[in-house]
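Have a look at the structure below before the remarks.
The values are calculated or read from the model by the stated rules, or taken from the named source; none is laboratory data. Quantities reported herein were computed from a predicted structural model and do not represent experimental measurements. So basically every Cβ, Gly included, is an ideal-geometry build from the backbone, and we count neighbours across all protein chains shown. Ligands, DNA and RNA are excluded from the accessible area calculation, which covers all protein heavy atoms including side chains. Shrake-Rupley method; radii C 1.70, N 1.55, O 1.52, S 1.80 Å.
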Amino acid sequence: MTPDEILQGLYDQTLVGNGPAVLDLTRAGLDLDMGPETLLFDALIPSLEEVGARFERGDFFVPEMLIAGKAMAGALEILRPLLAETGAESVGTFVMGTVKGDVHDIGKNLVNIMLEGAGFHVIDLGVQVAPEKFVDAVAEHQPDIVGFSAFLTTTMPMFKANLNALEKAGLRHSVIVMVGGAPVTQEYADAVGADAYAPDASATVKLAKSLVQQRRAAVPA
Ligand code: B1M
């Protein structure tokens, strides 16, 4: 198989949610020395974008979206060690979770993998994370950054609820708050009072590193 055939196959098989074929093609791509980022950004993510577009048009329904998401998640497990393999020394601690009411986690997991690859110690609280759970995790781990992911317009308001809970617990100013997820914008992040927003995993890593550096420069350990 050529690299182009592998990318096309990955795109097509993710679209139809053929998990075993996606795993085989991911391994075949790696055997051909294709980079994990190429498989991710040139096939897997575009395929899920098409799944979303078909769902919006009414051509796909939740089950199709679910099996496509599972197929992608399987590939991500194979790619995880390669994406996170840098040996970088720890640059900070990042507590991350998908907000209450929201079960999407593929994007969050990808952000986590890239953060780990950049040297962050990531504490993943999972999905449907209630404000109290974020507060407890910030109190316990004292991270540099807490990240809230939301993938639905209906769950984005949980950012504000989480920020209020941190404020109430007296922890708001002890931590940098980052937000992200497909429907989130810089304007929304500003409106709710988050410290930072990033549109994708690589932007999150860059911004997180620079925010931690700025913070450490301002408040020496
Ligand atoms: Co749902 N879903 N889904 N879904 N789903 C979307 C998000 C949707 C856009 C599809 C569409 O209509 N086009 C739409 C949301 C519309 C909206 O509100 N704007 C939608 C809907 C409506 C729903 C349901 C309500 C459907 C229903 O039941 N009627 C339902 C909600 C369930 C719930 O959460 N309560 C639902 C369910 C599901 C499944 C469970 C079937 C499945 C999720 C599987 C899983 O995650 N384990 C699913 C899927 C797979 C999708 C799509 C197709 C793919 C999402 C994905 O993984 N993308 C999605 C369509 C789409 O996104 N085009 C869709 C790939 C991923 C790499 O990108 O998630 O954007 P993304 O993550 C990026 C950035 O957002 C960013 O970096 C990531 C990596 O680059 N990022 C951050 C993420 N978190 C960040 C945090 C940061 C910074 C950046 O700082 C803290």
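The requirement of being open to solvent by less than 40 Å² (accessible area, probe 1.4 Å) and modelled with pLDDT under 95 is not satisfied by A217. For region 153-182, the set of residues classified as open to solvent by 40 Å² or more (accessible area, probe 1.4 Å) and near the ligand (Cβ under 8 Å from one of its atoms) consists of T153, T154, A182, listed by residue number.
Going through (1) within 11 Å of the ligand (Cβ to nearest atom); (2) closer than 23 Å to A73 by Cβ; (3) outside any strand (DSSP E or B); (4) out of contact with any helix residue (DSSP H, G or I) (no Cβ under 6 Å at 6 or more places or on another chain) one by one, V111 falls short only on (4). In the set (1) in a helix (DSSP H, G or I); (2) of a type outside the set (V, I, T); (3) open to solvent by 60 Å² or more (accessible area, probe 1.4 Å); (4) near the ligand (Cβ under 8 Å from one of its atoms), the condition left unmet by H104 is number (1).
Per-residue answers, yes or no, for (1) at pLDDT below 95; (2) open to solvent by less than 30 Å² (accessible area, probe 1.4 Å); (3) away from the ligand (no atom under 14 Å from the Cβ):
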| residue | (1), (2), (3) |
| --- | --- |
| N18 | no, no, yes |
| D24 | no, no, yes |
| R27 | no, no, yes |
| M34 | no, yes, yes |
| I45 | yes, no, no |
| V62 | yes, no, no |
| M65 | yes, no, no |
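Screening region 136-148 for residues that are within 15 Å of G170 (Cβ to Cβ), open to solvent by 20 Å² or more (accessible area, probe 1.4 Å) and in contact (Cβ under 8 Å) with a residue 24 or more places away in the chain and picking the one that is nearest to the chain's Cα centre (by Cα) gives Q142. Among the helices (runs of 4 or more DSSP H) confined to region 131-218, the ones with at least 3 residues that are within 21 Å of E49 (Cα to Cα) are located at 201-218. Residue selection: M1 satisfies the criterion of being outside any helix (DSSP H, G or I) and out of contact with any Pro (no Cβ under 9 Å at 6 or more places or on another chain). Considering only residues in region 80-94 that are at pLDDT 85 or above and touching a strand residue (DSSP E or B) at 6+ places or on another chain (Cβ under 9 Å), the one that is surrounded by the most Cβ atoms within 10 Å (Cβ to Cβ) turns out to be F94.
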